[in-house]
Amino acid sequence: KTFFFSGLTAMEKKLAEYKCNTNEAIQLKLVRFPEDLEDENTTFNPEYSHQVFGDDEVAFGYKGLKIILYYIAGNLSTLFRIEYTSKVNEKFDCVEADDVESKIREIIPPGFCTNTDDFVSLLEKEVNFKPFGMLLHTYSIHNEEAGEDITYQIYKADMTCPGFREYHERLQTFLMWFIETASFIDVDDERWNYFLVFEKYNKDGATLFATVGYMTVYNYYVYPDKTRPRVSQMLILPPFQGEGHGAQLLETVHRYYMSSPTVLDITAEDPSENYVKLRDFVLVKLCQDLLCFSPVKLMQGFSQEMVTEAQQKLKINKQHTRRVYEILRLRATNMGDAEQSRSYRLDVKRRLIGPYKKKQRELAKMRRCLRPEEMTNQLNQIDLNLQREQLEESFQQLVSDYRRVLERLAQA
């Protein structure tokens, strides 16, 4: 018996060595020059791979697994290859390795290269690649490393642009690795808008374009003759994150819709925490010069005038306008002054307590049916104390988020 168990653990140990973390195994690159292929500094890894490899984010059956997914920087032509030092053998180890290749093939479009030489020869054609659609905005950012200003451009594209459909299929594969709940969209629905960010760079005296990131927006119909654009997915590729491209993209998209009389306001689908911070910054930047947000008016409280003006001029909805108001009022408030600080705290908490009160009413209704009177009062007391704590916590968290927005605004 003992012998059997030790045999099992040895086998288990052996098989455990054939497990690879897929976030580490997948190696991504955006290639501009042939030498980028050998340069480890240009490699980056996914944040997520659970949608392709399951919640454990593990591939079984290989040692030293490398899943190579290299993209040409502009048009995103792809090199896909799998390398490993050893693989379990069905005859010998009685287990089968995961079919890694078919899992990747499910999300990347066909037509990729499998060897480096083909990929490098495609790289030479990259000089012909030009951004799709209509140029909306050009901006530049100073790059410390290069010691110069780098120029970026934002375009609006749609499926009628030649080659865009195929390009978008390659581009959207990045969503799987960097957005936790990503899904591919139905590109045949004409209500989708696509906004793309490109960097201009030089290679042998020619100007080339590299893909930086993009956003998809769906235009919902609002009766009788309006639309409500809803941001669906937004991704700035990892090598470009933290440089301010997200803010440039979101502001450009807002400005694009602002000029349209049929747009009601802009919303977002299930926004991440990072997106909310970005949106706070962009919307406050857009709103701070509106007359309805003057310090005097901010101190008088949230008003219908703010809602109307932000919606009509900047296509911002009521809920987001309220956040903008709270951030700008924080800037106008002297938190060292007891009266001003108390007034601000009450104003924000009154909004925060809304959902609590609703829950409270529902609980009270339920309890009236279920429990004797004195028990209800005790429970309500416990609830109230807990509620105060949670409320204070939410308030403090908000204020610290708001301060970060204001710091970023001060530097902008």
### Query
Is it fair to say Thr262 is open to solvent by 50 Å² or more (accessible area, probe 1.4 Å), touching a residue at least 12 places away in the same chain (Cβ under 8 Å) and either touching a strand residue (DSSP E or B) at 6+ places or on another chain (Cβ under 6 Å) or in the same structural domain as Leu391 (by the TED database) (or both)?
yes
### Message
Just checking, does the range 157-164 include any residue being part of a helix (DSSP H, G or I) and of a type outside the set (Gly, Ala, Ser)?
### Response
yes
### Query
Is it fair to say Asp270 is of a type in the set (Asp, Glu), surrounded by 20 or more Cβ atoms within 10 Å (Cβ to Cβ) and either at positive phi or at pLDDT 95 or above (or both)?
no
### Message
Contact list please: Cβ distance under 6 Å, first residue in the range 163-187 and of a type in the set (Val, Ile, Thr), second residue surrounded by fewer than 19 Cβ atoms within 10 Å (Cβ to Cβ), pairs at least six apart or on different chains.
### Response
Thr173/Ile107; Thr173/Ile108; Val187/Met159
### Task
Could you run through the range 392-411 and say how many residues are surrounded by fewer than 11 Cβ atoms within 10 Å (Cβ to Cβ) and among the hydrophobic types (A, V, I, L, M, F, W, C)?
1
### Message
Kindly evaluate Glu339 against the criterion of being out of contact with any strand residue (DSSP E or B) (no Cβ under 8 Å at 6 or more places or on another chain), among the acidic types (Asp, Glu) and not assigned by the TED database to the domain that holds Phe395.
### Response
no
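Yes/no per residue for (1) hydroxyl-bearing (Ser, Thr, Tyr); (2) more than 21 Å from Ile154 (Cα to Cα); (3) open to solvent by 40 Å² or more (accessible area, probe 1.4 Å):
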| site | (1), (2), (3) |
| --- | --- |
| Met176 | no, yes, no |
| Thr181 | yes, yes, yes |
| Asn193 | no, no, no |
| Phe198 | no, no, no |
| Tyr201 | yes, no, no |
| Tyr221 | yes, yes, yes |
| Lys226 | no, yes, yes |
| Val231 | no, no, no |
### Task
Select from the range 239-282 the residues that are in a helix (DSSP H, G or I) and touching a helix residue (DSSP H, G or I) at 6+ places or on another chain (Cβ under 7 Å) and list them in ascending order.
Gly246, Ala247, Leu250, Glu251, His254, Met258, Lys277, Leu278, Arg279, Asp280, Phe281, Val282
### Summary
Ala146: passes all of (1) part of a loop (DSSP other than H, G, I, E, B); (2) of a type in the set (A, V, I, L, M); (3) open to solvent by less than 40 Å² (accessible area, probe 1.4 Å) but (3)
### Message
I'm told Gly111 meets every condition in (1) at positive phi; (2) open to solvent by less than 20 Å² (accessible area, probe 1.4 Å) except one. Can you identify the failing condition by its number?
### Response
(2)
### Query
Do you know which residues across the range 283-312 are closer than 20 Å to Arg351 by Cα, open to solvent by less than 40 Å² (accessible area, probe 1.4 Å) and either aliphatic (A, V, I, L, M) or touching a His at 6+ places or on another chain (Cβ under 8 Å) (or both)?
Leu283, Val284, Leu298, Met306, Val307, Ala310
## Note on the structure
Considering residues that are within 17 Å of Ala25 (Cα to Cα) and touching a Phe, Trp or Tyr at 6+ places or on another chain (Cβ under 7 Å), the number found within the range 89-113 is 5
### Query
Quick one: is Asn317 touching a strand residue (DSSP E or B) at 6+ places or on another chain (Cβ under 8 Å) and open to solvent by less than 90 Å² (accessible area, probe 1.4 Å)?
yes
### Query
With respect to Tyr167, is the statement that it is in contact with an Asp or Glu (Cβ under 6 Å, 6 or more places away or on another chain) and not in a loop (DSSP other than H, G, I, E, B) true?
no
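The values are calculated or read from the model by the stated rules, or taken from the named source; none is laboratory data. Because the structure is predicted, anything quoted here is derived from the model rather than measured. Every residue, glycine as well, gets a Cβ built from its backbone with ideal geometry; the counts of neighbours run over all protein chains shown. For the accessible areas, the whole protein counts, side chains as well, though only heavy atoms, and no ligand, DNA or RNA atoms are used. Shrake-Rupley method; radii C 1.70, N 1.55, O 1.52, S 1.80 Å.
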